[in-house]
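The values are calculated or read from the model by the stated rules, or taken from the named source; none is laboratory data. What you see is a predicted model; the values in this text were computed from it and never measured. Heads up, the Cβs are rebuilt from the backbone with ideal geometry, glycines too, and the neighbour counts pull from every protein chain shown.
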Amino acid sequence: MQRFFMPEKENEAGRAAVGESGRLRIMVTSSIGMIPVQNARITISYKGVPDVTVVQLDTDNSGQTETIDLPSPPIDYSMEPGRLEQPYSEYNVRVEAEGYEPVEVSGTEILPEVTAWQNVEMNPSETSEEDNEIIVIPDHTLYGEYPPKIEEDEIKPVEEGEIVLSRVVIPEYIVVHDGVPDDSTARNYYVRYRDYIKNVASSEIYATWPESTIYANVLAIMSFTLNRVYTEWYRNKGYNFTITSSTAYDQKWIYGRNIYSNISLIVDTIFANYLSRPGVRQPIFTSYCDGQRTTCRGLSQWGSKYLGDQGYTPIEIIRYYYGSDMYINSAVSVSGVPASWPGYNLSIGASGEHVRTIQRQLNRIAQNYPAIPVVSVDGIYGQGTANAVKTFQRIFGLPQSGIVDFPTWYSISNIYVAVSRIAEPG
């Protein structure tokens, strides 16, 4: 249910001032296990006018609101560098629910023509020491002022005695240090790998850009991250984290920020990939920068946008900046999942142990998300299993095909692991 509070005349004036609209969906879960919070009251206001309510929403039994339209600036603002106008509108999102401490997110970013997802974790009242958590989302890196990246070699030398991984593996979690490396007061966060990549991509580029541009930038972000993982870069320097949130040392990660549905789907589809050169085992450390206010030896974010406009494919964009011998590689395994993707899609008519695995996992997820119908664990992919898969896909933002493809397999696996755990690490 949604309730708009702006009078029609004021609402029309507000829309005229900003020109277009984007979409927002809010997902609310408990911080203790992955339990959706039903009947949470969501109050949305403009960041600049926090006392005026724009709309109120309630969450369903999956802890989610309906997707709503909200005013945003014209799309041209996010398509050209150097503009003074802010290319996204900012909203405050306040979440209240019985038995939980309130949470307020200040600065949820709405871009035109794309859907923003704002995930909110609520602390149960009996376990929380905070009365009201306030999350502040700072400026996007392409709009605000941030330190430029410090240049590094794309292939890291391995010193004698240093620890490196024997193969490239997609980690279940990475540890993000929310500050520069030597800031001992900065907090470390355990973040699921895919969630980390989605957060960084949503912070570093605009979701309104061409799909091939987003794809190429996500590849660069993932290869950058996996180089830090593979070389144990910070742990070999005596730190207890994987990567920092500093744009000078690494890439921008923002605690509690919203992501975008199109970026999320691209990450889910290619998260096991990274960039390689012939004869080099480690993922390439793919430097990148905005290409306007700062320049670097790697990918230009704005330049990649223009190449996408011209019809360049993702690998053509990558090779334009990193050279013709760069290619897309795949990790040998994915950590933290009960079973790897079988290598082919599961759909109506399929049978066997892989189908049983999906059926068992869906039934466990349905205990937390009752909108998903319970299915017979018989190893036969019938219409009932397809309907359960389709409902899962709707809830978790995947195309509703009813087919278990690569992104759906790993999304089911990740959610299954999350709902099966008593508590997350860290």
Original post:
Can you tell me which of P112, P148 is outside the structural domain of P407 (by TED's automatic domain parsing), touching a Cys at 6+ places or on another chain (Cβ under 8 Å) and closer than 25 Å to I214 by Cβ?
Top reply: P148
**OP:** Tell me which residues, restricted to the stretch 248-257, are touching a strand residue (DSSP E or B) at 6+ places or on another chain (Cβ under 9 Å) and either closer than 19 Å to C296 by Cα or outside any loop (DSSP other than H, G, I, E, B) (or both).
**Re:** Y249, D250, Q251
Subject >> Filter pass, E126 being modelled with pLDDT under 95 and over 24 Å from I263 (Cβ atoms) >> reply: yes
**OP:** Kindly check whether there is at least one residue in the stretch 333-349 that is aromatic (F, W, Y) and under 27 Å from G33 (Cα atoms).
**Re:** yes
**OP:** Please specify each residue of the stretch 15-54 satisfying the condition of being modelled with pLDDT under 95, over 18 Å from G107 (Cβ atoms) and surrounded by 14 or more Cβ atoms within 10 Å (Cβ to Cβ).
**Re:** R15, G19, E20, S31, I32, G33, M34
**OP:** Can you tell me which residue among I372, I380 is within 26 Å of the chain's Cα centre (by Cα) and at pLDDT 95 or above?
**Re:** I372
**OP:** Examine the stretch 266-280 for a residue that is touching a helix residue (DSSP H, G or I) at 6+ places or on another chain (Cβ under 9 Å), farther than 23 Å from R194 by Cβ and part of a loop (DSSP other than H, G, I, E, B), and state whether such a residue exists.
**Re:** yes
Original post:
Just to be sure, is P157 modelled with pLDDT under 95, part of a loop (DSSP other than H, G, I, E, B) and surrounded by fewer than 16 Cβ atoms within 10 Å (Cβ to Cβ)?
Top reply: yes
Original post:
Looking at the stretch 203-236, which of its residues are over 22 Å from P147 (Cα atoms), part of a helix (DSSP H, G or I) and not hydrophobic (A, V, I, L, M, F, W, C)?
Top reply: E211, S212, T213, Y215, Y230, T231, R235, N236
**OP:** Sort out which residues of the stretch 339-369 are over 19 Å from D60 (Cβ atoms), hydrophobic (A, V, I, L, M, F, W, C), within 26 Å of the chain's Cα centre (by Cα) and crowded, with 18+ Cβ neighbours inside 10 Å, and write them in order of number.
**Re:** W341, L346, I358
Subject >> Qualifying residues in the stretch 173-187 (those that are within 11 Å of T244 (Cβ to Cβ) and among the charged types (D, E, K, R)) - the one surrounded by the most Cβ atoms within 10 Å (Cβ to Cβ) >> reply: D178
**OP:** Hey, can you tell me all the residues within the stretch 386-426 that are assigned to a loop (DSSP other than H, G, I, E, B), over 19 Å from F271 (Cβ atoms) and free of Cβ contacts under 8 Å to residues at least 24 places away in the same chain?
**Re:** Q400
**OP:** Out of V114, V136, V103, report the one residue that is among the aliphatic types (A, V, I, L, M), touching a residue at least 24 places away in the same chain (Cβ under 8 Å) and surrounded by fewer than 17 Cβ atoms within 10 Å (Cβ to Cβ).
**Re:** V136
